[in-house]
Structure formats: structure tokens, C-alpha cells
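S.K.: Before I ask anything, let me first share the structure, which is written out below as C-alpha cells.
The values are calculated or read from the model by the stated rules, or taken from the named source; none is laboratory data. Everything numeric in this text was worked out from a predicted model, so none of it was measured. Backbone-built Cβ (ideal geometry, glycine too); neighbour counts: all protein chains shown. These accessible areas exclude ligands, DNA and RNA; they are computed on the full protein's heavy atoms, side chains included. Shrake-Rupley method; radii C 1.70, N 1.55, O 1.52, S 1.80 Å.
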Amino acid sequence: MDVGQEQRHSRATPSPAGVDSGRWPPRARHLLETSYTMMAQGLHEPLRRCLGSFAQQLFALADRAHDNAEQQDCFASRQRVLRDRSAFEERFLAQLAKAFSGIDANADATSPEGATGWASLELLDPVEQELSMAVERLGARGETQHSSVLYELGYRFAVLVGSPPLDGEALPLGPHALAKACHQAGGELALPMQHQLLLFSNFDQQVIRTLTPLYGSINAQLLADGILPKLRSNPIPRLVKQPPRTGTAEAEAAAAATEPPRTADGTAAPQGSSIEVLESLRNLLAQRRGGHGTAGESPVERVASADELQTALAALQQHLAQVTDRAGRELRSAQRLREELLAQLNVNRPSGAPRTQLSGEQGDTVELVAMLFEQIGQQLKQGGNAHALLGNLQLPVLRLAVTDHEFFEQREHPARKLLDKVTEVANDWLDGNDDESDRALATTLEQLVARTHQEPPSAGLYTTLLADIEHHLSLLSRKAQAAERRHTEAARGRERLDQARRRAAEVMAERFAQSPPRGLLRTLMDRAWSDVLALTLLRHGEDSDAFKTQLVITDQLLGRLPIDDRQHLRHEVEAGLQQIGMPAEEAIQATRRLLDAVADTAADEVRQSRPAQAPAGAAEAATPPAGKVVPAPAVPPASPPAMAAPPGDDLPSATMLARRLKQHQRPGAQHERDTQPARTGHQNSASMPVLGPQEASIHNRLRKLPYGSWFEFLDPVSGQRTQRKLAWFSPVTGNVLFVNRRGARSEQMNLQELAHAIAKGRVRELPPQRESLLDRAWLGLTRSLRQDADARRAAAPESDRR
């Protein structure tokens with residue numbers, strides 16, 4: 001059986017059942033099958049993350065789309081990805097199995113015997129060329145990132161199949177082969193080119209860059225099976241700059257704290273590379289103290305051991321959990337935290353024994369973590385639960401940082417990622433409204449933070465907590481996306497309904513000007529039949545046969561056209577009234593009254609056109625001028641018996657029917673009542689503010705903003721600031737839809753009102769944040785240390801500065 005065969009009717013990872021025995025010996029076939037199985041199992045989770053991230057980015061693109069067609073393309077691509085993600089993985093693994101099966105085909109293709117000339121020429125597809133170049137770049141970047149382990153795998157696989165060393169596209173598990181498999185598996189999704197390029201970007205981030213452990217496992221397996229046991233690669237030594245003791249320490253500390261590690265030549269270093277960020281920050285602390293060194297131990301004092309420090313931090317952690325919030329904030333400051341920690345270290349010190357002191361590195365770590373949390377607190381909005389959650393995390397993070405210096409060195413450290421995620425969720429998702437959704441989320445976050453107090457600090461603990469909070473956040477995000485999409489589609493529907501209503505009103509006004517109805521007929525046409533016209537316009541369009549049919553019925557009801565079939569007219573009017581939500585019984589009664597009113601109007605017109613006594617010359621005066629056509633009476637004088645009410649069927653009076661029509665809920669009226677409180681404090685559309693030069697400039701810029709932009713609203717009474725997302729606005733009417741983080745509809749206004757509020761300072765547009773909240777805190781920390789150090793040097797005497 002070939003290596004490409006797999007179990008397609010099972011959720012188990014497909015694996016090759018065998019390799020052609022005529023080509024390779026059994027041992028080589030077994031090792032190839034084992035390597036493929038390890039690749040297939042190891043790629044399952046990265047592929048799942050890749051498609052999930054890709055779907056989220058497509059939704060974000062749809063949010064920011066300024067064109068309806070572009071937004072629909074994003075939603076359609078996202079729907080195909082979510083529907084076919086299992087099939088995508090199957091196609092990807094099938095391509096991977098095919099690459100393993102043809103592992104030695106490259107040597108045959110490149111041999112002189114296998115070389116062939118050009119068979120034909122054809123035009124080059126620009127889209128396919130762009131995608132092929134993207135696949136080549138993706139594979140090349142992966143080769144560079146994993147060059148060392150791929151070098152060994154290329155030699156070991158070459159030994160298995162008896163070929164020269166494999167590299168590039170010839171290596172079946174290499175980045176080139178994986179990128180090609182992604183391209184071919186994604187071709188079935190029929191995505192636009194831009195979306196395919198976005199898929200490649202996610203594949204690079206979520207799959208290619210995470211292959212090092214998987215490659216290492218396969219290489220170790222081959223090594224354990226005795227394949228080239230003495231093979232050693234010779235990677236180029238990586239040099240790391242030592243942290244300078246001058247003013248450049250701020251830049252390096254900030255860059256190392258917020259960016260991936262980099263080597264001396266500027267290329268990205270592997271995970272785990274030490275840039276010695278802690279030493280850079282300690283240098284800034286020393287400069288801040290005026291060059292007097294660290295606030296460490298003295299010769300006559302002993303240094304706390306790691307266990308003693310953890311015991312003191314645990315005791316201090318329990319103490320802080322029992323004090324008030326205000327006292328807890330004071331105790332978490334750098335100076336007070338150090339004092340309380342020293343007190344805990346010496347709480348049972350025997351008389352005459354030396355005091356236990358923190359080492360220089362321990363003391364600096366305590367101070368740096370406290371300063372980092374102060375910087376994070378400055379980034380948080382006022383109010384809410386974010387500050388309380390942040391304070392509860394400080395001691396657990398400090399307990400980890402004093403033992404694991406990778407907290408300072410690695411941006412992807414689990415504790416740093418958890419700290420960033422908790423503060424981001426608490427800051428952005430908790431509005432402080434104390435509603436059910438806020439309480440549920442706050443409870444979940446508090447339970448996660450409580451686990452850091454109950455369990456020993458470790459990277460594994462923070463990895464588990466991070467997975468829990470990301471899972472909960474993904475559920476919230478999906479609900480918010482669904483709610484926002486419902487509100488956006490509803491807003492677009494209301495916009496189209498309003499436009500249809502305006503056009504229907506124009507059509508009715510044109511006919512009323514020529515044949516003005518009176519009494520109950522006017523009420524029925526205004527309150528009911530105009531909605532029928534608007535709904536037909538909305539569903540079928542103005543040029544449709546359905547709308548033309550409704551216009552004929554309108555002209556018949558107004559007496560502009562003769563009624564050929566009264567029974568057919570009655571059925572059409574009843575069906576139209578029921579389409580706008582009128583109950584069947586009321587629609588029948590309204591139709592009878594409507595046709596009765598039409599008949600009465602026609603009879604009045606006939607009576608008025610036949611005076612009892614005509615004065616002399618009246619016949620000549622009644623003769624129309626040449627070229628003018630007098631329409632014939634629209635309705636015969638006598639109503640047919642079919643229209644009369646059957647015996648015992650009492651119709652409501654004209655007054656009662658008119659009252660029912662006024663009480664009838666018109667299409668879209670429920671939304672107008674629901675959103676009326678949301679517009680409180682804003683001007684209505686009939687009295688829009690007059691825009692000055694500044695507001696007009698703001699208005700023009702707002703019309704070009706993409707969907708998904710964020711704004712901050714200031715409550716002039718309470719001073720509270722709330723952030724709202726621009727989910728949609730109408731380019732025709734300027735109506736704006738804002739939603740909160742959960743996708744719920746909030747402020748409703750017009751673009752002119754928004755421009756006026758921005759000019760008055762009640763609303764401001766929020767610039768997009770390229771860095772996370774924690775990254776901004778790291779930058780703020782290094783900037784603060786540098787400014788303090790510069791200020792101290794400037795205030796020092798000239799001799800000290802020299």
C-alpha cells in the first residue's frame with residue numbers, strides 16, 4: 001500500500017500503511033511511516049490554531065470593510081473556512097503523505113536522464129504567480145529559521161532512501177513541502193488572492209514557526225534508531241551583546257522586553273536566548289540611585305535563600321489578602337513592599353543573630369516588578385475590577401520572577417502572557433455596570449487569579465491558566481461577533497426600509513396631488529397601503545413586476561384606472577395588508593371598507609358630474625378643450641352584490657377602523673421605540689447641528705473611516721469614559737451604529753452629530769494600539785528609569801558626573 005493511503009472515515013490521524021517494498025527495505029519503510037505519523041499528529045493542533053486565527057482575522061477585516069461587497073467576501077471566506085476546516089486538514093495530510101511517498105523522486109527529476117525540454121508555452125496567470133512567490137518566500141523563511149535541525153534531517157532521510165542529502169523541496173517534512181501542501185489544500189476553498197495570502201501569513205505564524213520541537217522529536221527518533229548517530233551540525237556561533245552601562249540601556253531593555261530576542265547581527269534569535277534584560281534594567285536602577293550600586297546586603301547581614309524568600313512572599317501574600325484595598329495598594333508599592341518583605345524575613349530572628357537581607361538581585365527584582373505593576377495600573381482605565389485583579393496578581397508574579405528570570409527575558413513567557421491577558425480582559429470587557437455578564441466574567445477572572453495564590457508558582461501553572469482564560473475569551477468573542485453582526489444586519493435592513501418608505505411616500509404624494517382621496521380612504525392609503533408599497537419595494541425593487549402590479553392596484557384604489565376584476569382586486573389588497581403584519585380578519589375588514597370607500601368616492605364623482613339643471617350654454621362649457629382627455633368613471637355607479645357584507649357579519653365603523661390603523665404597529669416601529677432612549681441627549685434628524693469649518697472637516701474624515709474604529713465617549717455629568725466601536729454607518733443617511741465590546745447596541749447618532757460631539761470634546765477617536773497593554777507598561781518602565789537617571793546626573797556636581 002502506498003504512503004498516501006489514509007483512513008478518511010475516521011477521526012484518527014491518517015497514517016501511511018506502508019511503503020513500496022520494491023523501492024526501500026522494511027526498516028527504511030518503517031522509519032518513514034513513523035516520521036510521517038509523528039508529523040501528522042504534531043501538526044493537528046497548529047493547523048487548528050492556524051484556521052481559527054485565520055477565521056478571526058477575516059471577521060476583523062469584515063468589521064473594518066468600507067465596502068459592502070468586500071465585507072460579504074470576508075464573511076463568505078470565513079464561512080467556507082469554518083465549514084471545511086476538517087476537510088482542509090485531510091487534504092493537507094494527503095499532500096504530506098504524497099510528499100513522503102515521492103521522497104526519492106527529486107533525484108530522478110534532476111538527473112540528466114530525467115531532464116526534458118519545454119513541451120509548450122502558455123500565458124502566466126498573475127494571481128497564480130503571486131501565490132507561488134508567496135509559497136516560495138514562506139518556505140525560504142522556514143528553512144532559515146530551522147536550518148540546523150533540517151540539515152540533520154536531510155542527511156538522515158537521504159540515508160533511508162539512498163539518495164544525496166535532501167534539502168529544500170526534496171525534504172518531505174521541510175517548510176517548502178508544508179507550504180506547498182497548505183497552498184494545495186487551501187485551493188479547494190476558492191478564496192480570493194488577498195485571503196489566500198492572509199492564510200499563508202497565519203500558516204507561517206501558527207505552524208512554520210512552531211516546528212522546532214516537532215523536528216527535534218523526529219530527529220531524536222531517527223538518532224535513537226541508529227541513523228547517523230555521529231552526525232553533528234556546525235551552526236554559526238551566535239554572539240550576544242553585553243548590556244551597556246550607558247544611556248543605551250533603556251533602548252535595549254525596552255526592546256528586549258517588548259520584542260522577540262535578537263542576535264548581534266539583528267536577526268531573530270531562537271526562543272530562550274538571553275538578552276539579559278534583567279541586567280539592563282538593574283543598570284538603569286543603579287543609575288537612578290546615582291551610581292551607588294544596588295540596595296543589597298551589607299557585610300554583616302546574611303542573604304535570604306530562595307526558600308526563605310518564597311516563604312516570606314507566601315506569608316506576605318496571605319497578609320495582603322486580608323487587608324483593605326486601599327491598604328493593599330499602599331503595601332504593594334516598591335518601598336513598602338520591600339519593607340514588609342524584610343519584616344517577614346526577620347519575624348522569628350533570634351536575639352543577636354544577623355538580620356536577613358535581600359541580595360542585590362532579589363531587591364532589584366522586587367522593585368522592578370512593583371514598578372512594572374504601577375505602570376500597568378497607569379494604563380488601565382479608572383473604575384471597574386481591573387485594578388483589583390491586577391493587585392491580586394502582583395505577589396504571585398513576583399514569586400515566579402525571583403526564581404525564573406525568563407520572565408524578564410522572554411516576551412512569550414506564560415506568566416507575562418497571562419498578566420497581559422488578564423489586564424486586557426478586565427480593562428476592555430468589564431464596564432463596571434455590575435450587570436449579569438460583568439459579574440460572570442469578573443467571577444471567572446477572580447477564580448483564575450485565586451489559583452495563583454493556592455498553587456506553587458511555575459510556568460506550567462501559568463500556561464494552564466492562560467489556556468483557560470483564552471478559551472473563555474474566545475467564547476465571549478464569538479458571542480460578541482454574532483451579536484454585532486445581528487445589529488449591523490438589522491441596521492442595514494432598517495436603512496433599506498427607510499429608503500423604501502421614502503420612495504413609497506413620494507409615489508403616493510404624486511398620485512395624491514392628482515387624485516386626492518378623502519376620509520377613510522385617505523387614512524387607509526396613508527397608514528396601510530403605503531407600507532405595502534414600501535415592503536414590495538424593499539423585497540423586489542422599483543423595476544420589478546411585483547411593484548408595477550402594486551402601482552396598478554394603487555391607481556385603481558384612487559380611481560385613476562378602472563377596476564376590471566373586483567374579486568381579484570379584493571384578494572390582492574387582502575394579501576398586501578397581511579404582508580405588513582395585519583391579522584387576516586382585520587385585513588378582510590379593512591379591504592371591504594377600503595373598496596366601499598372607493599365605490600362611494602366614485603359614486604360621488606358621478607353625481608357631481610351630472611347636475612340636475614344645466615344652464616344655457618352649459619353643454620358648451622362642459623365640452624373639454626381640444627386635446628384634453630376626460631377620464632371615464634373608474635367605478636360603475638352600482639356596487640356588485642358580491643362586495644356587500646354577508647348577513648350577520650358586522651364590519652367595524654369607520655372611526656373604529658381608523659383607530660385600529662393608528663394603533664397597528666408599522667414595520668420597523670418597534671426598533672424606533674427601542675432606540676429612542678439611546679438617542680437621549682442627541683439632536684433629532686429634523687434639527688441637525690449646523691457644521692462649521694472644523695466640524696465639516698471632521699465630518700468628511702469620519703465618512704472615510706473603516707468599520708471597526710473605536711471612540712471614547714465622555715459623560716459630562718459623571719465624568720465616566722466609555723469606549724464604543726463603530727460597527728456601521730450609512731453613506732446615504734449618515735446614521736451610525738455603535739456597539740460595546742460585547743456587541744450590544746449602544747449610542748445611536750448621525751455622522752453630523754458625531755462630528756459636532758468630537759469638536760466639542762465629548763467624543764474622541766481612539767488611535768489604533770500597535771502594542772499591547774503590557775508592552776506599553778514595559779516601555780513606560782524603562783522610560784521612567786531613564787528619565788530619573790538623567791535627572792540625577794544633571795543634578796549631580798560636575799566632579800561626580802566626570
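S.K.: FRET efficiency for Asp545 and Phe713, Cβ-Cβ distance as r, R0 = 51 Å, nearest 0.05?
M.R.: Calculated value: 0.60.
S.K.: Hey, for a label at Ala306 modelled as a point 7 Å past Cα toward Cβ, could you say which residues of segment 367-409 have their backbone N under 16 Å away?
M.R.: Flagged as within label range: 398-408.
S.K.: Can I ask one more? Residue separation times 0.36 nm, minus the C-alpha to C-alpha distance between Arg701 and Ala190: what's the value?
M.R.: 180.4 nm
S.K.: Next up: Would you mind getting the accessible area per residue of segment 693-802, heavy atoms of the protein chains only, 1.4 Å probe, in Å²? If you can, show how the numbers build up before the last one.
M.R.: Working: 5690 Å² over 110 residues.
I get 52 Å² per residue for segment 693-802.
S.K.: Just to be sure I understand the model, the point goes 7 Å from the Cα along the line to the Cβ. What's the resulting Ala490 to Ala140 distance in nm?
M.R.: 5.1 nm
S.K.: Considering only protein heavy atoms, what per residue accessible area in square angstrom results for segment 338-413 with a 1.4 angstrom probe? Intermediate results must be reported in sequence, preceding the final value.
M.R.: Details: 2930 Å² over 76 residues.
Per residue, segment 338-413 has 39 Å² of solvent-accessible surface.
S.K.: Per the 1.4 Å probe, what fraction of the accessible area of segment 491-542, in percent, lies on carbon and sulfur atoms?
M.R.: Values: 1140 of 2400 Å².
Using a 1.4 Å probe with all protein chains present, segment 491-542 comes out at 47 percent carbon and sulfur.
S.K.: Ignoring ligands, DNA and RNA, what percent of the 1.4 Å accessible area of segment 43-105 is carbon and sulfur? List each step's numbers first, then the result.
M.R.: On the way: 1290 of 2740 Å².
Ligands and nucleic acids excluded, carbon and sulfur give 47 percent.
S.K.: Ok, one more. How high is the FRET efficiency from Gln499 to Ser474, r the C-beta distance, R0 56 Å, rounded to 0.05? Numbers along the way, then the final one.
M.R.: Numbers: r = 38 Å, r/R0 = 0.67.
Step by step, r from the Cβ atoms, then E = 0.90.
S.K.: Which value, in Å to one decimal place, does the Kirkwood hydrodynamic radius take for segment 424-562 when every pair of different Cα atoms is included?
M.R.: Its Kirkwood hydrodynamic radius stands at 20.1 Å.
S.K.: Size of segment 46-107 along its principal axes in angstrom, Cα-based, largest extent first?
M.R.: Per principal axis, max minus min of the Cα coordinates gives 51, 21, 16 Å.
S.K.: With each label point set 7 Å from Cα along the Cα-Cβ vector, what nm distance links Val127 and Asp564?
M.R.: 4.9 nm
S.K.: For segment 526-577, what D do you get in µm² per second when you plug the Kirkwood radius from alpha-carbon pairs into Stokes-Einstein at 25 °C and 0.890 mPa s?
M.R.: For these conditions, the coefficient is 219 µm²/s.
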